[in-house]
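The values are calculated or read from the model by the stated rules, or taken from the named source; none is laboratory data. On a predicted model such as this, the values are computed, not experimentally measured, just so you know. Virtual Cβ from ideal backbone geometry, glycine too; neighbours counted across all protein chains shown. Remember, those area values only see protein heavy atoms, side chains included, never the ligands or the DNA or RNA. Shrake-Rupley method; radii C 1.70, N 1.55, O 1.52, S 1.80 Å.
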Amino acid sequence: MKRSLYYKFILGYVVFGLLGFLLISTFSSKMAFDYLLQEKAGLLYDEANQLASDCSAVYNGETTSLETVAQQLCVISPSLQSEIWVVNRNGTIVADSNDGARRGLLVDFDPTAIGNQNYGIGNFYGAFPYDVLSVSAPITGNYTTYGYILIHMPISQIQASRDWILNVVYITSAILFLLSLIILLIFTQTVFFPLKKISRGVDEYASGNLEYRIKLASHDEMGYLAETLNYMSDKLNEMEEYQKTFIANISHDFRSPLTSIKGYLEAIIDGTIPPEMQEKYLTRVITETERLNKLTQGMLTLNTLDSKGLLSRTNFDINRVIKDTAASFEVICNQKNLSFDLTFADNIQMVYADMGKIQQVLYNLIDNAIKFSHSNSTIYIQASPKYEKIFISVKDTGIGIPKNSLKKIWERFYKTDLSRGKDKKGTGLGLSIVKEIIQAHGENIDVVSTEGVGSEFIFSLPRSTNL
Ligand code: ADP
């Protein structure tokens, strides 16, 4: 395909050249010939009329003889490159520019045959072995026609003039054709070579070499295409890297609970763990399976969000959802001696969102706040309106997030070093899910946190408009 594009262009170029020369040799040639014929015929006709009026005087007896006229014809003839005859009414040539060589009767001479036209083409009743352009003018006087002046110019004369013009056109066209090679060169430089580089790059990408860079310095559409492809390969590369780490993380997160489950169960079976201790270790096995379950659930949730699972939005009171979600943590709060401080700007604050998914957002944020809070502290939750939105904040006074981890906490499977020891059950998926849900609503979530002081997560939701 790559080669053929270039050859197609060259073929088109050659065909263009051939058609151009064909056009000159047919159409232009005919146009030039017709033009020259008309011009010569007009010229000769004027001359014939001039001579006819001179001869009219002879016939009227005003000048001495036809011989004088014949001599005059001999003088004019070379400059016209033609032969000139004086013909009687009955068709006898009485004087000619060939020193009288043509004198005699013209068989079948019919003056009316040319009469209506200015000129005629042919061998003139067999008088010439070649074609001539013949022009006639009547010699008149005293209301009679005495005879005719006939001027014959060989067609080859006109053809020679035409060929001269055509040669000029041929040479000019040939030069133009060569100059138009510049277009071919520009095409090669700006389209063909860049396209070759681009398709080479695409081949590399197709064979899996996403590191390959298409190097094109041009700033035109080709350069833009190359840049776009480079960008695409970068993104694909990133995605490939991301998937590799994703799989590595999943494998790691699944392997550790499975290894402990296996260890506990083997120890129970081979008696390392005595029967009276079994309950304790089986409870740990259950905790690990719960963690596995949580991991699977989280991944499934992310998957549905990834595939742009449609939100089923309704109008609901966000205050109620916050209260209910906070209430579901009552037992664990009591264990850690934590309390909630809920502040609502209004009794009822209606939002337009997917209630189930927002419940999950609140659940994940409150769950984190509880996990990373110190005992005997308070978790502050606020909901307040601003313009068309309701802003919800979940704030704790726990361990906080180190500055360099702040951007990473939204990544899948990311856990800060601080939390690894404190929260062994965490999957690192909670905040990814939260972010995906908020973004699916077209809203934003942000975090403000200081290590050792606490963290605050704030997100917005659209207020109900049709109330
Ligand atoms: P996990 O299931 O591990 O909590 P998340 O995605 O919810 O996963 O959180 C990612 C990491 O962000 C946590 O492991 C923790 O390091 C940090 N983090 C999240 N919320 C808080 C918080 N309120 N206080 C301190 N660190 C937090």
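Rounded to the nearest percent, how much of the accessible area of the chain (1.4 Å probe, protein heavy atoms only) is carbon and sulfur?
The C+S portion of the solvent-accessible surface of the chain is 58 percent.
Under conditions of 4 °C and 1.567 mPa s, the range 171-272 yields 70 µm² s⁻¹ as its translational diffusion coefficient, taking Rh as the Kirkwood radius over Cα pairs in the Stokes-Einstein equation. Against the empirical curve 2.2 N^0.38 Å, the C-alpha radius of gyration of the range 243-400 lands at a ratio of 1.33.
Per residue and in Å³, how big is the convex hull formed by the alpha-carbon atoms of the range 124-192?
Numbers: hull volume 10.3 nm³, N = 69.
Taking only Cα atoms, the range 124-192 has a hull volume of 149 Å³ per residue.
Going through the DSSP H helices of the chain, which span 18 Å or more along their own axis at the Cα atoms while scoring at least -1.0 as a mean Kyte-Doolittle hydropathy? Show your work: numbers first, answer last.
On the way: long enough: 2-23 (32 Å, 1.18); 29-59 (43 Å, -0.10); 66-80 (20 Å, 0.95); 155-179 (36 Å, 1.15); 193-206 (20 Å, -0.45); 221-269 (70 Å, -0.33); 275-306 (47 Å, -0.64); 355-371 (24 Å, 0.12).
Helices meeting the criterion: 2-23, 29-59, 66-80, 155-179, 193-206, 221-269, 275-306, 355-371.
The convex hull built on the alpha-carbon positions of the range 253-304 has an orientation-averaged projected area of 3.5 nm². In this simple spin-label approximation, S375 and Q359 carry label points 7 Å from Cα along the Cα→Cβ vector, and these lie 3.2 nm apart.
Solvent exposure of the chain, expressed per residue, is 58 Å² of accessible area, with all protein chains present and a 1.4 angstrom probe. Calculated on the Cα set of the range 195-240, radius of gyration then Dmax: 10.0, 30 Å.
Considering only Y387, L210, V58, and ranking their Cα positions along the charge dipole of the chain that arises from unit charges at the beta-carbon of Lys, Arg, Asp and Glu, the one farthest toward the positive end is Y387. Applying a threshold of 28 Å to the alpha-carbon distances of K235/K435; K294/K408; K196/K244; K389/K435; K8/K30; K294/K395 flags K196/K244; K8/K30 as lying beyond it.
The chymotrypsin sites (Phe, Trp or Tyr not before Pro) of the range 351-432 that DSSP puts in a loop, and whose beta carbon has at most 11 other beta carbons within 10 Å, are Y387. Residue separation of A345 and R313 scaled by 0.36 nm, minus their Cα-Cα distance, works out to 9.2 nm of gained length. Whole-percent P(r), the chain, all Cα pairs, 20 Å bins from 0: 16, 23, 14, 11, 10, 14, 10, 2, 0.
Taking every alpha-carbon pair in the range 347-467 and binning the separations at 10 Å intervals from zero gives 13, 46, 31, 10, 1 percent.
Averaging the inverse of every distinct alpha carbon separation and then flipping it gives the Kirkwood radius. What is it for the range 20-172, in angstrom units? List each step's numbers first, then the result.
Details: mean 1/r = 0.0608 Å⁻¹.
It is 16.4 Å.
By the helix-only formula, in which each DSSP H run with n ≥ 4 contributes -39500 (n - 2.57) and the sum is divided by residues, the chain has a 222 nm mean residue ellipticity of -18000 deg cm²/dmol.
With the charge dipole of the chain set up from +1 on Lys and Arg Cβ and -1 on Asp and Glu Cβ about the Cα centre, the Cα lying farthest toward the positive end among the listed residues P257, T92, G122 is that of P257.
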